[in-house]
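Here is the structure we will look at.
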Amino acid sequence: MIGDKAGELQAAAAAALLAAAANATGGGPSLAEQQQHQLSPSACPVLEQQQQQQGGAKDSYRHPHIYNVYGQRIDAEGAAKAAAPSTSSSSLAAAVGRAQLVDPRNRMPLEPNQEPCPGQRRPLDTSREASTIPKGGTTSTWVYPSPQMFFNALRRKGKGGDVEEKQMESVVRAHNAMNEATWRRVEAWEALHCDSCPNPTLLRFLGRPHDLSPLARARIWLGDGAEPFDRHDWTVDRCGEEVRYVIDFYHHEGRSGTPQGPFEIVARPALDSAGALVDRARMAVYVAFARLGLPCPVTGSGGDLGQKALEAMGAAAGGDGGAGSQAAAR
C-alpha cells in the first residue's frame with residue numbers, strides 16, 4: 001500500500017519537476033560556478049597544515065575497487081570475476097544481446113544507450129559533461145548522462161511524457177545541478193573527518209525512489225510535508241572506510257518563486273555505526289550555533305564547519321532546481 005502510494009507520488013512529482021526545469025529561464029548554474037561553492041582546502045585547517053608540510057602534495061590513496069553507475073565493479077579484478085565465456089555463435093550477437101540486458105534493480109541497460117529511441121522526432125546531443133564529484137578508485141570524476149541518454153531513460157521508464165526533445169538540455173542541466181548540490185552537502189559532513197581523510201570520494205550510489213527513509217516517514221507522521229519524490233543512497237570512500245549516506249529529495253510547490261526555492265535536499269550519514277550517530281549530533285550542535293554566529297560552546301570549534309553546512313543546505317534554492325532522480329541514466 002505504501003509502496004503503491006509512493007510510486008504514484010514519485011511519478012507525479014518527477015513529471016512536475018521535469019516540466020518546471022524545462023521551462024526555467026537560464027537553468028541551473030554551470031559546473032564552473034558550482035566549483036566556487038565547493039569546500040576548499042582552507043575549509044579544513046588540518047588539510048591546509050598537511051599540504052604546507054608536504055609541499056602541497058595530494059593524498060595518494062585510491063580505493064581498490066571502481067564501480068559504474070549501476071553499482072557493478074568495473075576494475076580489472078571485478079571485471080575478470082564477472083567475465084564468462086560467451087555462448088553466442090557471433091561476437092556481434094553477443095554485443096547486441098548485452099546492450100539489450102537490463103539491470104533488474106533499476107531497469108537501466110547495462111550498456112549506455114546513445115541511439116535515438118522509437119518515436120523520437122529530432123536528434124539530441126550525445127556529449128556528456130564531467131561532474132565535479134570525485135569518483136572512487138580513480139583520479140577522475142563521475143560523468144553525467146547526455147541529453148540522449150537522459151531522454152532514453154525517461155521514455156524507457158514511462159516518465160516525462162510531457163517533456164519534448166527541445167527541453168532536454170534544460171532538464172539535464174537541472175539534474176546535474178541537483179547532484180552537484182547533493183555532493184556539497186556530503187562534503188560538509190565529510191569535513192568533520194578532514195584530519196583523517198582530506199579527500200573523500202563517491203564510490204557508488206543507488207536510487208531507491210520507493211523506499212521511504214526513517215526520517216522521511218517521521219516527517220510524514222509529524223505532518224511536515226509530503227513524501228520525497230526520490231531517494232538515493234550514496235556510498236562515500238573515506239580513505240578506506242565506506243560510509244553510506246541517505247539523501248531525500250523534496251519538492252515544495254508552495255515555495256516556488258521564493259528565495260528559499262521549491263527544492264529541498266536532506267542528506268545525512270546513515271545510522272550504520274555509532275560514529276554516524278556521533279557525527280549527526282556534532283553537526284546539529286555546530287549548525288545550531290553557526291546560525292547564531294557562534295562556535296561550539298563545548299569544544300570551542302566547529303564554527304567554520306557549521307557555516308559551511310548552512311551554505312551547503314541552501315545550495316539547491318532557486319536556480320539549482322531539478323530532478324535528482326535516477327530516472328536519469330548517468
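Every number here is computed from the coordinates shown, using simple stated rules; none is lab data. In this text the structure is predicted, and so the values were computed from the model without any measurement. Neighbour counts are summed over all protein chains in view; Cβ atoms, including those assigned to glycine, are modelled from backbone coordinates with ideal geometry.
Assorted remarks:
- For CYS197, residues with placed amide H under 5 Å, excluding near neighbours: none
- If you sort the three axes of the alpha carbon gyration tensor as a ≥ b ≥ c, you get a/c of 1.5 or more for region 136-269 and a/b no higher than b/c, which makes it oblate.
- Considering every alpha-carbon pair of region 246-311, the percent of pairs per 5 Å bin, from zero through the bin containing the longest distance, is 4, 16, 18, 17, 20, 14, 8, 3, 0.
- Peptides 235-248, 275-288 ordered by average Cβ neighbours within 10 Å, highest first: 235-248, 275-288
- Volume per residue of the convex hull around the Cα atoms, evaluated for region 200-251, comes out as 78 Å³.
- Each residue of region 215-226 was assigned a 3J(HN,Hα) from its phi angle through the Karplus expression (A = 6.51, B = -1.76, C = 1.60, θ = phi - 60°), giving 5, 4, 5, 4, 5, 5, 4, 7, x, 9, x, 8 Hz with x at Gly and Pro.
- For the listed peptides 185-191, 260-266, a ranking on the average number of other beta carbons within 10 Å per residue, highest first, reads 185-191, 260-266.
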